[in-house]
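Enquirer: Sharing a structure here in structure tokens format.
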Amino acid sequence: MRVKLSKAVKMFFGNSSLEMVYFEAIANALDAGATKIGITISAQDYSQPETLTISIEDNGIGFTDERFGKFSNLFDVDDSTHKGLGRLVYLCYFEKTTITSNYEDFYSRKFEFSDAFEGKSEIVKNSNKNSGGTKISMSGYTLTKLAQHSFIQPNYLKTKILEKFYSRLYKLKQSEKQIEISVSATVNKSSATTILSTNDIPNFIPVKVENTLDFFSNIELYYHIEEEPMAIGAITAISIDDRTYPLDIIAQENLPIGYKMVFLLFSDYFDGKVDAARETISISELEQVKRLFRDNIAKIIDEKLPQITQLNKERKQRLVNQFPHLNGYFEIESIGYTSQEDLLKKAQDKFFRAQREVLRASHLTDEQFKQSLELASRTLTEYILFRQNIINKLKTIDNKDKESVIHNLIVPRYERFDAANLKNDLYRNNIWVFDDKYMTYDIILSEKEMSEVIQVITDGEAFEKDDDRPDIAMIFSGNPHDEDKDKKIDVVIVELKKKGISSERNFDVETQLKKRAGKLMQFYNNKIQQIWFYGIVDFDEEFEKLVAGEYHQLFSKGKVYYKPTEVVTQINPRISFPMGIFLLDFDAMVDDADTRNSIFLNVIKSKFKS
């Protein structure tokens with residue numbers, strides 16, 4: 001050989017797997033007219049791959065001079081369906097490959113195929129007539145471990161061989177040839193054998209495919225569907241050079257239980273359109289081929305399995321209900337075949353492209369104006385759906401979750417949010433959970449020290465170190481940093497409590513709020529015009545009894561109580577200010593947010609086209 005084999009192996013089979021050894025040997029045996037192929041595998045243990053040996057024997061015509069000549073020269077092939085490289089895969093995994101072959105009744109040929117192979121062999125003429133056939137014996141496994149134990153397990157290999165040679169074995173069955181491929185393995189003194197025969201090849205039903213692509217060759221689809229209890233799986237593959245190559249047409253999540261399905265797509269146009277290592281399909285129109293394949297599979301399923309068609313309609317409705325803002329962007333024909341993740345990604349990409357198109361337009365046409373209104377509705381719905389996701393997460397909060405979990409879902413701890421960055425913070429700051437009116441904030445300080453809160457309120461005029469931290473402090477009605485120094489602001493202080501704590505600890509929230517009030521009231525009627533205090537607690541029966549005696553209950557989906565009181569800032573002379581405290585049950589807060597959000601979502605959903 002003129003080509004250095006070690007370099008050729010790395011160039012063409014860098015991403016191969018051990019399965020390729022079996023596939024290439026079987027393909028060569030079938031090329032030689034073999035009807036019986038025997039694979040024998042031996043290893044002392046899965047953890048000792050260096051002891052692995054594989055022999056593959058067939059009853060084909062053997063290595064005649066012509067066939068040996070082609071074997072000895074890379075790329076020497078009869079047509080585009082052969083690559084002339086398959087044998088190199090043996091050198092990927094084994095140091096030594098010995099080949100013995102009987103041919104032309106009385107001749108035997110023996111040679112070793114290795115990196116040093118130069119196209120020479122030993123030929124012996126026998127006195128007795130032989131039955132023909134070839135045996136390939138491989139030893140000296142070169143890798144440090146087996147990528148998968150299944151690569152030397154008979155049942156797995158039978159399945160893989162069948163899947164790889166469906167199209168070729170079916171053609172042989174049609175020509176009434178009886179094929180038998182046996183696989184035997186002995187590993188760690190445990191033996192197993194399985195046989196793949198013509199009877200394992202399904203009786204496919206051919207369907208003529210209307211060729212909507214640019215090439216002129218005929219296209220045929222062969223399919224087989226049978227009921228099999230608890231079966232889940234479908235083979236969707238394209239036939240190239242008498243081998244089948246899987247195409248992802250039906251996502252695993254969409255496969256129905258109780259059916260075994262095989263779909264094979266045939267066309268002369270596909271011949272030769274695979275790389276030299278037979279690993280990658282090289283059809284430029286592959287996406288169009290996939291679409292054509294899927295459409296025709298869908299027609300068959302509609303006819304043969306109407307219950308799956310109905311299931312796909314239900315899937316579509318669930319998608320539309322869950323993601324109404326993407327309705328009209330989903331590839332409807334792909335629902336039930338493509339994974340939901342891919343469906344969503346493609347729909348989202350179309351949505352974004354439509355947004356960019358409108359936003360880049362300097363002057364909107366009537367059509368673009370209508371489209372901009374629809375896009376705005378979809379964008380708003382996307383945000384409402386995000387809010388619903390936050391609400392659903394809050395509903396899962398239980399007694400085991402820390403207070404910080406609740407806090408971070410509403411407003412991330414130790415952060416500051418400014419109104420100027422509202423657009424960027426829209427998906428990070430969920431202060432709307434308390435009430436949508438709080439989305440009009442100027443500044444939010446999340447678990448910041450009181451001294452920092454006061455600094456913000458006074459624009460740095462007052463500073464006294466105070467490491468006490470309100471959970472959330474919100475400033476409204478104007479930014480203290482504005483040029484108008486006389487402009488007064490509104491402040492909201494919120495304290496959060498973990499679910500499941502005792503009544504006594506829940507009452508601590510009132511003390512904490514009064515303490516915050518004492519710090520802030522010195523700026524009342526000066527920098528601050530109004531202050532609201534909220535405590536988010538977990539109501540139990542005992543706590544509610546204590547609260548009901550002092551507080552007034554307010555309208556809500558749950559339990560919300562209010563109490564007017566005073567905060568004393570100086571004893572002598574006495575100076576006090578009125579303040580009101582709201583106590584909200586955690587579940588009431590979440591349920592009220594859910595109600596507001598659901599109403600908004602339902603209004604938007606009703607306006608989308610189905």
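The values are calculated or read from the model by the stated rules, or taken from the named source; none is laboratory data. These figures come from a predicted structure and were not determined experimentally. Here the Cβ is made from the backbone with ideal geometry for all residues, glycine too, and neighbour counts use every protein chain on show.
Enquirer: Mind listing whichever residues of the range 561-588 are among the hydroxyl-bearing types (S, T, Y) and outside any strand (DSSP E or B)?
Expert: Listed by number, the list is empty, since nothing qualifies.
Enquirer: Quick one: in the range 481-498, of everything that is farther than 30 Å from D587 by Cβ and among the acidic types (D, E), which residue is modelled with the highest pLDDT?
Expert: Of all residues in the range 481-498, those farther than 30 Å from D587 by Cβ come to 481-489.
Filter once more, keeping what is among the acidic types (D, E): 482-484, 486.
Working: D482: 57, E483: 56, D484: 57, D486: 64.
Across the range 481-498, the extreme among qualifying residues is D486.
Enquirer: Can I ask one more? Just checking, how many residues over the range 140-170 are crowded, with 16+ Cβ neighbours inside 10 Å and farther than 19 Å from G38 by Cβ?
Expert: Result for the range 140-170: 5.
Enquirer: Taking the conditions exactly as written (farther than 29 Å from K400 by Cβ and charged (D, E, K, R)), does E541 satisfy them or not?
Expert: Judged against the criteria, E541 is not a match.
Enquirer: Now a separate question. Could you check the range 379-397 and list, in sequence order, the residues that are in contact (Cβ under 8 Å) with a residue 60 or more places away in the chain and assigned to a helix (DSSP H, G or I)?
Expert: L380, T381, I384, L385, R387, Q388, I391, L394, K395
Enquirer: Given Q522, Q512, which one is at pLDDT below 75 and in a helix (DSSP H, G or I)? Talk me through it step by step, then tell me what you get.
Expert: On the way: Q512 fails: at pLDDT below 75.
Testing whether each residue is at pLDDT below 75 and in a helix (DSSP H, G or I) leaves just Q522.
Enquirer: From the residues in the range 302-357 that are aromatic (F, W, Y) and surrounded by 17 or more Cβ atoms within 10 Å (Cβ to Cβ), which one is nearest to the chain's Cα centre (by Cα)?
Expert: Here the residue is Y337.
Enquirer: Sticking with this one: Out of G272, G258, report the one residue that is closer than 28 Å to E176 by Cα and touching a strand residue (DSSP E or B) at 6+ places or on another chain (Cβ under 8 Å).
Expert: Only one candidate qualifies: G272.
Enquirer: Condition first: without any contact (Cβ under 8 Å) to a residue 60 or more places away in the chain and either over 21 Å from I301 (Cβ atoms) or surrounded by 15 or more Cβ atoms within 10 Å (Cβ to Cβ) (or both). Now tell me which residues in the range 190-210 satisfy that.
Expert: Within the range 190-210, S190, S191, A192, T193, T194, I195, L196, S197, T198, N199, D200, I201 qualify.
Enquirer: Continuing with the same structure: What single numbered condition from (1) touching a residue at least 24 places away in the same chain (Cβ under 8 Å); (2) farther than 21 Å from G69 by Cβ; (3) assigned to a loop (DSSP other than H, G, I, E, B) fails to hold for S139?
Expert: Looking at each condition in turn, S139 falls short on (3).
Enquirer: Something else now. Can you name every residue in the range 427-450 that is of a type in the set (V, I, T) and either touching a Lys or Arg at 6+ places or on another chain (Cβ under 6 Å) or buried (at least 20 other Cβ atoms within 10 Å of the Cβ) (or both)?
Expert: Hits for the range 427-450 are I431, V433, I443, I444.
Enquirer: Look at the range 47-63 and say how many of its residues are of a type outside the set (G, A, S), part of a loop (DSSP other than H, G, I, E, B) and buried (at least 17 other Cβ atoms within 10 Å of the Cβ).
Expert: 4
Enquirer: Among the residues of the range 543-588, write down those that are in contact (Cβ under 8 Å) with a residue 40 or more places away in the chain and aromatic (F, W, Y).
Expert: Within the range 543-588, F543, F577, F582, F586 qualify.
Enquirer: May I ask you to list pairs of residues, at least six apart or on different chains, whose Cβ atoms are under 6 Å apart, with the first in the range 87-114 being farther than 22 Å from D65 by Cβ and the second being crowded, with 21+ Cβ neighbours inside 10 Å and basic (K, R)?
Expert: Close Cβ pairs satisfying both conditions: none exist.
Enquirer: Of the residues that make up the range 221-244, is at least one of a type in the set (S, T, Y), modelled with pLDDT under 90 and in contact with a Gly (Cβ under 9 Å, 6 or more places away or on another chain)?
Expert: Taking every residue of the range 221-244 in turn, none turns out to be of a type in the set (S, T, Y), modelled with pLDDT under 90 and in contact with a Gly (Cβ under 9 Å, 6 or more places away or on another chain).
Enquirer: Can you pull out every residue in the range 432-480 that is modelled with pLDDT of 75 or more and either assigned to a helix (DSSP H, G or I) or touching a Gly at 6+ places or on another chain (Cβ under 8 Å) (or both)?
Expert: Scanning the range 432-480 gives W432, V433, D436, K437, Y438, M439, T440, D442.
Enquirer: On the basis of being under 30 Å from R291 (Cβ atoms) and at pLDDT 70 or above, does A376 make the cut?
Expert: The answer is no for A376.
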